[in-house]
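Below is one structure, written out as structure tokens; the observations come after it.
The values are calculated or read from the model by the stated rules, or taken from the named source; none is laboratory data. Quantities reported herein were computed from a predicted structural model and do not represent experimental measurements. As a convention, Cβ positions derive from the backbone with ideal geometry for all residues, glycine included, and neighbour counts pool all protein chains shown.
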Amino acid sequence: MTDETTSSGRTRVIDTGTDTVRVEVVDRVGVITLTRPGRRNALHPAMYTPMIEAVETFADDPDVGCVVVTGEGSAFCAGGDVAGGGGSRREGPRPSAAEQAAALTARSRISVVLRDAPIVSIAALNGAAVGAGLSIALACDLRIATASASLVTGWARLGFSGDFGGPWLLADLLGRGRALDLIAGNARLDAAEAASMGLVHRVVPDDEFEAAWRSWAHTFAHGPQPAIALIKQNVANTGRLGLAEAVAVEAANMIECAASADHREGVRAWMEKRSPRFGAR
């Protein structure tokens, strides 16, 4: 781990042991950048563990208040590296179907940890998000895209059914019918279309992209982290609790927040007509 100063401020660079993923912390924002631009950031075996470990580390780090996943070059992530065979060549007997499924499940855990992390995660879509790359983007809480970006399901074109949680995430966001149409129909959505469907939350000009996602991430990174974790819980309860149960959980969460230092600071800041200075988690 090293510290360096960049145009964005003090940066803490975390060694991932690979040149396929760059992980750093800039002003309380944990940034995970896929760095295979020559392969449009197609997924490689060396990428999975660093990505998963980075999200888990950021989720437990009191000095990180937001996670951003983005790509280097012209694409966010082109999904599995079909042309490159996934980036690996195995020797010996071919794994059984059960072994292959177990390995894919383990790699897909990146989607689960992003969705379950107690801090806000943002997919900064600098270009196309395809297949598993789309799944990773959808697993983030929020998405911002360049005007030239696109969301591509991609699986059906190759005779695949979908992975990395993509079918589940699309159905959760859009409903089963729309998800089926997009996946089986091999849909390609430009940024404006994706925004109109609620799959992308902000679309910005390409030349304003990095400044826009950094500014957005800063908002969450410097917010009241315990309250944000409970906000994520409240929102997630929509899919698993009825209203009466959810109201009870929300009430308990509000009482917990009311006893916090962040709440006291928020009240003081409001009375003093200034921006609040919330503490770390």
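Within the stretch 28-60, can you find the residues that are in contact with a helix residue (DSSP H, G or I) (Cβ under 7 Å, 6 or more places away or on another chain), buried (at least 17 other Cβ atoms within 10 Å of the Cβ) and of a type in the set (D, E, K, R)?
The one that is in contact with a helix residue (DSSP H, G or I) (Cβ under 7 Å, 6 or more places away or on another chain), buried (at least 17 other Cβ atoms within 10 Å of the Cβ) and of a type in the set (D, E, K, R): Arg28.
Scan Ala252, Ala236, Ala229, Ala192 and give me the residue that is over 19 Å from the mean Cα position of the chain (by Cα), of a type in the set (Gly, Ala, Ser) and either modelled with pLDDT under 95 or not assigned by TED's automatic domain parsing to the domain that holds Gly71 (or both).
Ala252
In the stretch 217-257, which residues are without any contact (Cβ under 8 Å) to a residue 40 or more places away in the chain and charged (D, E, K, R)?
Arg240, Glu245, Glu250, Glu256
Give, as residue ranges, the helices (runs of 4 or more DSSP H) completely inside the stretch 94-196 that count at least 1 residues that are surrounded by fewer than 23 Cβ atoms within 10 Å (Cβ to Cβ).
By residue number, 97-107, 109-116, 166-174, 176-184, 191-196.
Of all residues in the stretch 197-207, which are free of Cβ contacts under 8 Å to residues at least 24 places away in the same chain and either under 20 Å from the mean Cα position of the chain (by Cα) or under 19 Å from Asp141 (Cβ atoms) (or both)?
The answer is Met197, and nothing else.
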